[in-house]
Amino acid sequence: MNRPGPRRGDGVDPVLRARARRRALQAVYAWQMAGGTTQGVIAQFAHEQAHEVADLEYFEDLVRGVMAHSKELDEALLPHLDREVAEVDQIERAVLRIAAYELRNRVDVPYRVVINEAIETAKRFGAEHGHTYVNGVLDRAALAWRPAEANARSR
């Protein structure tokens, strides 16, 4: 059985968070492909989420946030892309939307954690070199959205 890992000082279990992000990717991808309501998409994946032992609250926040703000997230991502959002691979688009939501709305999560998790998720589920694209986009976005944090890190 997969047991949760050690919690950080803030009570967050990074393993459970990573699982929540992966499940959120599946939910956002399914929504992008087939549509549906927020509650329907969450219900479809929450059952599996519970069996996987993940951070259900975080999963729901990511899915609700991306679905509610997809237009704003796409507009915010656009200056950092080399193509239109609709031309980005569906998996990479879902990864970018989730990471954009986290970078813009979950300032409790360090930007490097968001980017690293997005890269690992893109490596696992995306196209062969999709993770390098995700990395470049999110590095540029982090400089724009979290300049103090990103600039402090680059010194």
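Checked against (1) at pLDDT 95 or above; (2) surrounded by 22 or more Cβ atoms within 10 Å (Cβ to Cβ), PHE59 passes all but condition (1). Report, by residue number, each residue of region 103-141 that is under 20 Å from LEU81 (Cβ atoms), part of a loop (DSSP other than H, G, I, E, B) and not hydrophobic (A, V, I, L, M, F, W, C). Scanning region 103-141 gives GLY126, GLU128, HIS129. Residues that are surrounded by fewer than 20 Cβ atoms within 10 Å (Cβ to Cβ), within 17 Å of the chain's Cα centre (by Cα) and either within 22 Å of ASP89 (Cα to Cα) or modelled with pLDDT of 90 or more (or both) within region 34-46 comprise just one, THR38. Among the conditions (1) under 12 Å from the mean Cα position of the chain (by Cα); (2) surrounded by 18 or more Cβ atoms within 10 Å (Cβ to Cβ), LEU77 misses just one, which is (1).
Can you work out which of the residues in region 53-99 that are assigned to a loop (DSSP other than H, G, I, E, B) and of a type in the set (Val, Ile, Thr) is farthest from LEU16 (Cα to Cα)?
We begin by selecting, within region 53-99, every residue assigned to a loop (DSSP other than H, G, I, E, B); these are 53-55, 81-84, 88-89.
Those still in the list that are of a type in the set (Val, Ile, Thr) too: 53, 88.
On the way: VAL53: 7, VAL88: 28 Å.
Among residues in region 53-99 that are assigned to a loop (DSSP other than H, G, I, E, B) and of a type in the set (Val, Ile, Thr), the one farthest from LEU16 (Cα to Cα) is VAL88.
Output yes when any residue across region 103-121 is at positive phi and either over 10 Å from the mean Cα position of the chain (by Cα) or crowded, with 18+ Cβ neighbours inside 10 Å (or both), and no when none is.
Looking only at region 103-121, we keep the residues that are at positive phi, and these are none.
Within region 103-121 (the criterion being at positive phi and either over 10 Å from the mean Cα position of the chain (by Cα) or crowded, with 18+ Cβ neighbours inside 10 Å (or both)), the answer is no, since none of the residues qualifies.
The values are calculated or read from the model by the stated rules, or taken from the named source; none is laboratory data. None of these values were measured; they are calculated from a predicted model. With ideal geometry, Cβ positions are generated from the backbone for all residues, glycine too; neighbour counts draw on all protein chains shown.
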